[in-house]
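Participant: Below is a structure I'd like to ask you about.
The values are calculated or read from the model by the stated rules, or taken from the named source; none is laboratory data. In this text the structure is predicted, and so the values were computed from the model without any measurement. All Cβ positions, even for glycine, are placed from backbone atoms using ideal geometry, and neighbour counts span all protein chains on display. Accessible surface is based on the protein model in full, side chains and every heavy atom, while ligands, DNA and RNA are left aside. Shrake-Rupley method; radii C 1.70, N 1.55, O 1.52, S 1.80 Å.
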Amino acid sequence: MLCDQLTEMALTADDLVLIGRGRLIAAQSVREFIAAYTRSKLVVCTSDAEALQAGLGAEGATARREGPDTVVVDGLDADRVGEVAAGAGVRVRELHTRESSLEEAFLAATAEAGQYSAGQRELERKAAA
């Protein structure tokens, strides 16, 4: 139910106010809220995901496999990912940014608020996926 409400809010609201346990957590635009509590990730599709993952790891990025030909990257911008791929001789078929959702931002923002402890478990489940 909460997921549906947050999805609808993300589509219709410009600004939000979030209060947890009587404390103001955030009062800002939806876009600013998402940016403040989440990080975008790069998604790279390549025929040599293993080599790309190794090269990105050597650069200090967090790179995890998401399927046989997809790597999700955190810690480098798109230009640097492209440079690492080129340096490793890895052909990139697709490179795009995966933006976080209002739901992910909400769960991150309320993770410390005791009344939202179920939200923390949901956030941990999504992060592990």
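Participant: Can you confirm whether Q53 is open to solvent by less than 70 Å² (accessible area, probe 1.4 Å), among the polar types (S, T, N, Q), at pLDDT 90 or above and assigned to a helix (DSSP H, G or I)? Quick ask: steps written out before the conclusion?
Facilitator: Working: open to solvent by less than 70 Å² (accessible area, probe 1.4 Å): yes; among the polar types (S, T, N, Q): yes; at pLDDT 90 or above: yes; assigned to a helix (DSSP H, G or I): yes.
The answer is yes for Q53.
Participant: Can you say whether V43 is in contact (Cβ under 8 Å) with a residue 40 or more places away in the chain, surrounded by 13 or more Cβ atoms within 10 Å (Cβ to Cβ), in contact with a Leu (Cβ under 9 Å, 6 or more places away or on another chain) and under 24 Å from T7 (Cβ atoms), as far as the supplied structure shows?
Facilitator: On the way: in contact (Cβ under 8 Å) with a residue 40 or more places away in the chain: yes; surrounded by 13 or more Cβ atoms within 10 Å (Cβ to Cβ): yes; in contact with a Leu (Cβ under 9 Å, 6 or more places away or on another chain): yes; under 24 Å from T7 (Cβ atoms): yes.
Taking the combined requirement at face value, the residue satisfies it.
Participant: In addition: Test each condition in (1) in a strand (DSSP E or B); (2) open to solvent by less than 30 Å² (accessible area, probe 1.4 Å) for A85 and report the one that comes out false.
Facilitator: (1) is the only condition that A85 fails.
Participant: Collect the residues in region 25-40 that are in a strand (DSSP E or B) and either charged (D, E, K, R) or without any contact (Cβ under 8 Å) to a residue 40 or more places away in the chain (or both), keeping them in residue-number order.
Facilitator: A27, Q28, S29
Participant: Considering only residues of region 100-115 that are surrounded by 12 or more Cβ atoms within 10 Å (Cβ to Cβ) and of a type outside the set (A, V, I, L, M), which is nearest to the chain's Cα centre (by Cα)? If you could, list the steps in order and put the result at the bottom.
Facilitator: Kept after step one, since they are surrounded by 12 or more Cβ atoms within 10 Å (Cβ to Cβ), are these residues of region 100-115: 100-113.
After this cut, where a residue has to be of a type outside the set (A, V, I, L, M) as well, the list is 100-101, 103-104, 106, 110, 112.
On the way: S100: 5, S101: 8, E103: 11, E104: 8, F106: 13, T110: 16, E112: 19 Å.
Among those residues, the one meeting the criterion is S100.
Participant: In addition: Is there a residue being in contact with a strand residue (DSSP E or B) (Cβ under 9 Å, 6 or more places away or on another chain), farther than 30 Å from L11 by Cβ and surrounded by fewer than 15 Cβ atoms within 10 Å (Cβ to Cβ) anywhere in region 66-76?
Facilitator: No.
Participant: Scan region 11-23 and tell me whether some residue there is part of a helix (DSSP H, G or I) and within 26 Å of A113 (Cα to Cα).
Facilitator: As a first pass, look at region 11-23 and keep what is part of a helix (DSSP H, G or I): 11-12.
Next, only the ones that are within 26 Å of A113 (Cα to Cα) stay: 11-12.
Within region 11-23, one or more residues are part of a helix (DSSP H, G or I) and within 26 Å of A113 (Cα to Cα).
Participant: For region 89-97, state whether one or more residues are open to solvent by 70 Å² or more (accessible area, probe 1.4 Å) and at pLDDT below 90.
Facilitator: No.
Participant: Still on this structure, please answer the following. Taking only region 3-40 into account, find how many residues are open to solvent by less than 80 Å² (accessible area, probe 1.4 Å), of a type in the set (A, V, I, L, M, F, W, C) and closer than 19 Å to A111 by Cα.
Facilitator: Looking only at that region, the number is 12.
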